[in-house]
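For reference, the structure is listed below as structure tokens.
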Protein chains: 6
Amino acid sequence: MSEYASSMNEAAAAPIQLVPGNSLITKTPEDGRLLAVKMARLIIKATQPDAAVREKLRAVYAEDAAMLIAIGQTVATEFATISAANNYWK
Amino acid sequence: MSEYASSMNEAAAAPIQLVPGNSLITKTPEDGRLLAVKMARLIIKATQPDAAVREKLRAVYAEDAAMLIAIGQTVATEFATISAANNYWK
Amino acid sequence: MSEYASSMNEAAAAPIQLVPGNSLITKTPEDGRLLAVKMARLIIKATQPDAAVREKLRAVYAEDAAMLIAIGQTVATEFATISAANNYWK
Amino acid sequence: MSEYASSMNEAAAAPIQLVPGNSLITKTPEDGRLLAVKMARLIIKATQPDAAVREKLRAVYAEDAAMLIAIGQTVATEFATISAANNYWK
Amino acid sequence: MSEYASSMNEAAAAPIQLVPGNSLITKTPEDGRLLAVKMARLIIKATQPDAAVREKLRAVYAEDAAMLIAIGQTVATEFATISAANNYWK
Amino acid sequence: MSEYASSMNEAAAAPIQLVPGNSLITKTPEDGRLLAVKMARLIIKATQPDAAVREKLRAVYAEDAAMLIAIGQTVATEFATISAANNYWK
């Protein structure tokens, strides 16, 4: 078992679902944006399954301008994929 | 409720809208660029809903060359998506 | 008014135009490259409208190898969009 | 032999497979996301084949907000490719 | 005149050409890769037109693993554009 | 002669080939992934042609979590291009 899989299993009996709803298709751009944010967060959750540690780290990045910008970059990349999947909701 | 959702709700009774107008379609490239900037900023706002903290962080990144460049990178990524959505306004 | 909009208005009565000519279409790849550079710089200008501060920061990044590389990354991302808009000038 | 190839061979007689199943095609977005995570991890494994060192580094990045965000950025980029390969599971 | 334009003019009477040959079309992938490297370097040259400073900075990044990796990221992004322009030389 | 070209020529009489086989087309995703790794490494080699320095830097990045993640990001970007070139091996 990979280190990644084992760390996911530490979190709970049920593994973390990395793509909520198991679909990239959303009704609106707003829903697509929310999905991008969730997918970005779920990778962090899978990599660091300990909720207490994540809460501590959240206090760090929420006060750090450089990290907030980096979060924005990751969400932008996830959103690009989701937008293409939805043909840009045209 | 996820940490992300709860932090959004701290900001106000109404959640933050992450895609203004709930559409990626704009009349012109200039409007698309402004949307890219807004969308990048709204992710920061959703992650750090405290306006006073954001104002403090703004003073940090506005004087930091590396962070200004990183903001540009994020806007460029958002703009790539918006440009594709608008078929590059051709 | 958003913080971003208000900071743009500090700079001048007329807001900064973020896409010169309000078009991504250029005659040549060279012109497209120049547009990519300008668009990257205009995001920095909009985020930090004080010319004196920008001039001070310029002295920092022009002597910093890591920041020069990061500027190149941002220009590359803008240029990807402009190139697609122009069907790669084929 | 390149340095990269030789470091892979230190790990084991059999080289590391970098694309599990030698295919980008998956049944679902969730499976595609898991593949993105695995492919990102396998590059790290190939670059640092010593499991004990990787385990030590894991303790570092799992407690570092900036690195967790950076991992998310890499997974997002891998997932963009896998999503396109699967026509976004439409 | 923008700061960027004026800094380019310091370098020489003739402005720097940012896209050698003013075309993204190349005969082979190898030529495309060389063009990607050149275009990445020319942005640095335009931003820092002083050859003596660039030479000093080169000594810095050529011995810095993180910066060498970052250069690779920028070249990869430029190459993605050039590859698409050439329909991947298929 | 550009600084880049001259540094390549220091390494050997024959210049470094940046795209092995001068083609982005591979038989399988696994082969494409190996090509992405090689292309990423060859940019580092061309920028730092001294094998002894590269070996010293390798010892640095192989023990640095942030740099390993950054290498993964670069490989992911190269792989995106190679995957598109091969129509995702569909």
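Over region C:26-90, what is the relative contact order in percent, taking alpha-carbon pairs closer than 8 angstrom and at least six residues apart? Could the numbers behind the result be given before it?
Working: 29 pairs, mean separation 35.8, N = 65.
Once divided by the residue count of region C:26-90, the mean separation gives 55 percent.
Just report the Cα centroid separation between region D:44-69 and region B:30-74, whole Å.
29
Using a 7 Å offset from Cα along the direction of the beta-carbon, what are the separations from residue C:25 to the same position in each other copy, nm, ascending?
2.0, 2.0, 3.5, 3.5, 4.0
How much length is gained on full extension from residue A:87 to residue A:53, taking 0.36 nm per residue of separation minus their Cα-Cα distance?
Between residue A:87 and residue A:53, full extension yields 8.5 nm more.
Might you report the magnitude of the Cβ-based charge dipole of region C:28-89 about its Cα centre, with Lys and Arg at +1 and Asp and Glu at -1, to the nearest 20 debye?
Here the size comes out at about 140 debye.
Considering the dipole of region D:28-89 built from charges on the beta carbon (Lys and Arg +1, Asp and Glu -1) around the Cα centre, which of D:48, D:71, D:89 is farthest to its positive end?
The Cα lying farthest towards the positive end belongs to D:48.
Considering only protein heavy atoms, what is the solvent-accessible area of residue D:25 at a probe of 1.4 Å, reported in Å² to the nearest 10?
90
Within 10 Å of each Cβ of A:45-54, how many other protein chain Cβ atoms are there on average?
Values: counts 3, 6, 10, 8, 1, 2, 1, 0, 3, 4.
Rounded to a whole number, the mean comes out at 4.
Taking the Kirkwood radius as the inverse of the mean 1/r across Cα pairs, report the Rg/Rh of region B:49-90.
Using Cα coordinates only, the ratio equals 1.19.
Using the Cα gyration tensor of region B:11-90, with a ≥ b ≥ c the square roots of its eigenvalues, what is the shape: rounded (a/c below 1.5), prolate (a/b larger than b/c) or oblate (neither)?
Verdict is oblate for region B:11-90.
The values are calculated or read from the model by the stated rules, or taken from the named source; none is laboratory data. Being a predicted model, the structure only gives us computed values, none of them experimental. Neighbour counts are summed over all protein chains in view; Cβ atoms, including those assigned to glycine, are modelled from backbone coordinates with ideal geometry. Heavy atoms of the whole protein, side chains included, go into the accessibility calculation; ligands, DNA and RNA do not. Shrake-Rupley method; radii C 1.70, N 1.55, O 1.52, S 1.80 Å.
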